[in-house]
Amino acid sequence: MKFTALIKQDGDWWTGWVAELPGVNGQELTRDELLASLKVALAEALEFARTAAVEAAGTDFAQVPITP
């Protein structure tokens, strides 16, 4: 699975968003720090979504890999 970081420098700050997931964004002083921050935020968002889905499914469910 691939994701796209949209990043830009605005004054002293770097700001970025993960294009595929609303709400996954960050702001840091360097480009490298921003990319690292976005990776952490993305991992946390995906884990949160997975946990919520598993809780919603309850018990006795199948996991089936899919791709877009």
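No lab work stands behind these numbers, since they all come straight from the coordinates. No experiment lies behind these values; they were computed from the predicted model shown. Using ideal geometry, Cβ is built from the backbone for each residue, glycine included, and neighbour counts are taken over all protein chains shown.
Filtering segment 14-37 to residues that are crowded, with 16+ Cβ neighbours inside 10 Å and of a type in the set (S, T, N, Q) leaves 25, 37. Count of segment 1-37 residues, restricted to those that are within 22 Å of residue 68 (Cβ to Cβ), more than 11 Å from the chain's Cα centre (by Cα) and acidic (Asp, Glu), is 0. Checking residue 40 against (1) closer than 22 Å to residue 1 by Cα; (2) over 10 Å from the mean Cα position of the chain (by Cα); (3) loosely packed, with under 13 Cβ neighbours inside 10 Å, only one condition comes out false. Which one? Answer for residue 40: the failing condition is (2).
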